[in-house]
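J.: This is the structure, below, for whatever I ask next.
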Amino acid sequence: MLFTLSLSLSLSISPTTLTSSPRFKFHSCPHVLPPTPKPPPPRLRSSSQAHHVILHDNGTVAGAGAPVEENILPAGLRRESMPRHVALVMDGNRRWARIRGLPVGSGYEAGVRSLRSIVELCCKLGIRVLSVFAFSSENWFRPQAEVEFLMELFERGMRDEMGSLLRENIRISVIGDSSKLSRSLQELITRTEETTKTNCGLQLIVAVSYSGQYDIVQACQKIALKVKDGLIEPNDINESLIKQELETNCTEFPYPDLLIRTSGELRISNFLLWQLAYTELFFAQSLWPDFGEVEFLEALQAFQQRQRRYGGRDF
């Protein structure tokens, strides 16, 4: 699973060329959306996606293909049951390209378009945190030329989008083993996180050079040093302490409510292993470049139909 996030829309994995696409357009999304104003009695609404859409008093929209708009939820979705943190394993870019006889880079470019769509939806729906598995620890074993290209692309995209992040109130956090990244990329990540840390809209967590096993190991190492230095006793080690040392301590909501994996694969691929203890899992058949608004809303509807018991009894 290899997906490099480029916040600019220049994404291609062609060995010789870098194609350009329209720039990533973010949408503002404050932490708490204002209450939905009560609309007039149900009325018909037409759109390019749904010719007959009814707006109900509760703010939901009826009609297949009804577009998601600010402060209006699609029919069947409840704002109070919306996941606060959604995690994404974006799989299927290469297969998507191969099926179509296209260069692998075309698959990644199409995947970026899907990511843009999901980021925009998360903002509109009031989702607080979106975590994406961009580059795993295992991806370092890919061909060196490909890895270097992807790292350079990631760096360029983050630099180009600094202004957009500030204007659109999106906070960026990057988690993973940064020691393997270039010095210039490390410095850029630090600047980006520092510059956007006060943004109160969507928090986009990008996992780069990351694995769930790495995260747990580095947390244990930090705790072991505290024991060695006499700051804590072994008996002080508990779940809360481990949580504080995991890389997801960068967010108010470190535990995803919903994990979505695309391409029909039924595994989590070493992503957020500790954090997914009670996460609801949704496996979509679509390859990542084909995953869009309809599929994302389907995952949210499935999530809201489940009863989360966190290991407790079903009364």
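The values are calculated or read from the model by the stated rules, or taken from the named source; none is laboratory data. Because the structure is predicted, anything quoted here is derived from the model rather than measured. Note that we place each Cβ from the backbone using ideal geometry, even for glycine, and neighbour counts take in every protein chain shown.
J.: Yes or no: the range 150-168 includes at least one residue that is within 17 Å of the chain's Cα centre (by Cα), in a strand (DSSP E or B) and of a type in the set (Phe, Trp, Tyr).
T.: No, the range 150-168 contains no residue that is within 17 Å of the chain's Cα centre (by Cα), in a strand (DSSP E or B) and of a type in the set (Phe, Trp, Tyr).
Yes or no, residue by residue, for (1) more than 17 Å from Thr262 (Cβ to Cβ); (2) surrounded by fewer than 23 Cβ atoms within 10 Å (Cβ to Cβ):
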| site | (1), (2) |
| --- | --- |
| Arg95 | no, yes |
| Tyr108 | no, no |
| Lys124 | yes, yes |
| Val132 | no, yes |
| Phe135 | no, no |
| Glu148 | yes, yes |
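J.: Glu194 - would you say it is assigned to a helix (DSSP H, G or I) and either touching a residue at least 40 places away in the same chain (Cβ under 8 Å) or surrounded by 15 or more Cβ atoms within 10 Å (Cβ to Cβ) (or both)?
T.: no
J.: Can you confirm whether Leu181 is surrounded by 14 or more Cβ atoms within 10 Å (Cβ to Cβ) and more than 28 Å from Leu276 (Cβ to Cβ)?
T.: The answer is no for Leu181.
J.: Test Cys200 against the criterion of being surrounded by fewer than 19 Cβ atoms within 10 Å (Cβ to Cβ) and touching a His at 6+ places or on another chain (Cβ under 9 Å), and give yes or no.
T.: yes
J.: Quick check on this structure: which one of Val147, Val227 is in contact with a Phe, Trp or Tyr (Cβ under 7 Å, 6 or more places away or on another chain), farther than 16 Å from Thr251 by Cβ and either without any contact (Cβ under 8 Å) to a residue 40 or more places away in the chain or not in a helix (DSSP H, G or I) (or both)?
T.: Only one candidate passes the filter, namely Val147.
J.: Another question, then. For the condition modelled with pLDDT under 80, in contact with a His (Cβ under 6 Å, 6 or more places away or on another chain), of a type outside the set (Ser, Thr, Tyr) and more than 25 Å from Leu276 (Cβ to Cβ), what is the one hit in Gly59, Gly63?
T.: On inspection, the qualifying residue turns out to be Gly63.
J.: Continuing with the same structure: So is Ile189 β-branched (Val, Ile, Thr), within 18 Å of Cys123 (Cα to Cα), in the same structural domain as Ser269 (by TED's automatic domain parsing) and surrounded by 15 or more Cβ atoms within 10 Å (Cβ to Cβ) or not?
T.: no
J.: Could you tell me whether Asp229 is modelled with pLDDT of 95 or more and in contact with a Leu (Cβ under 6 Å, 6 or more places away or on another chain)?
T.: No.
J.: Just checking, which of Ser179, Ser184, Ser114 is among the hydroxyl-bearing types (Ser, Thr, Tyr), part of a helix (DSSP H, G or I) and under 27 Å from Gln301 (Cα atoms)?
T.: Criteria check complete, one pass: Ser114.
J.: Which residue out of Glu295, Glu245 is in the same structural domain as Val112 (by TED's automatic domain parsing) and either within 29 Å of Thr196 (Cα to Cα) or among the hydroxyl-bearing types (Ser, Thr, Tyr) (or both)?
T.: Just one listed residue meets the conditions, Glu245.
J.: Could we say that Glu155 is among the acidic types (Asp, Glu), more than 22 Å from Gly92 (Cα to Cα) and at pLDDT 95 or above here?
T.: Answer is no for this residue.
J.: Return yes or no: is Glu193 modelled with pLDDT of 95 or more and at negative phi?
T.: In short, yes.
J.: Sticking with this one: Can you say whether Ile216 is crowded, with 21+ Cβ neighbours inside 10 Å, within 22 Å of Ala87 (Cβ to Cβ), at pLDDT 95 or above and not charged (D, E, K, R), as far as the supplied structure shows?
T.: It is false that Ile216 is crowded, with 21+ Cβ neighbours inside 10 Å, within 22 Å of Ala87 (Cβ to Cβ), at pLDDT 95 or above and not charged (D, E, K, R).
Residue-by-condition table, conditions (1) over 23 Å from Glu120 (Cβ atoms); (2) of a type in the set (S, T, N, Q); (3) surrounded by 14 or more Cβ atoms within 10 Å (Cβ to Cβ):
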position: Asp229; (1), (2), (3): yes, no, no
position: Glu247; (1), (2), (3): yes, no, yes
position: Tyr255; (1), (2), (3): yes, no, yes
position: Thr262; (1), (2), (3): no, yes, yes
position: Glu280; (1), (2), (3): no, no, yes
position: Ala284; (1), (2), (3): no, no, yes
position: Glu295; (1), (2), (3): no, no, yes
position: Gln305; (1), (2), (3): yes, yes, no
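J.: Quick check on Thr251: is it β-branched (Val, Ile, Thr), crowded, with 19+ Cβ neighbours inside 10 Å and under 16 Å from the mean Cα position of the chain (by Cα)?
T.: no
J.: Go through the range 131-144 and report how many residues are in a strand (DSSP E or B) and of a type in the set (A, V, I, L, M, F, W, C).
T.: 4
J.: Shifting gears a bit: With the structure loaded, tell me whether Ser240 is of a type outside the set (A, V, I, L, M, F, W, C), part of a loop (DSSP other than H, G, I, E, B), over 14 Å from the mean Cα position of the chain (by Cα) and modelled with pLDDT of 95 or more or whether it fails that test.
T.: Considered against the rule, which asks whether it is of a type outside the set (A, V, I, L, M, F, W, C), part of a loop (DSSP other than H, G, I, E, B), over 14 Å from the mean Cα position of the chain (by Cα) and modelled with pLDDT of 95 or more, Ser240 comes out as no.
J.: Still on this model: Let me confirm something: among Leu272, Leu276, which residue is at pLDDT 95 or above, assigned to a loop (DSSP other than H, G, I, E, B) and crowded, with 22+ Cβ neighbours inside 10 Å?
T.: Leu272
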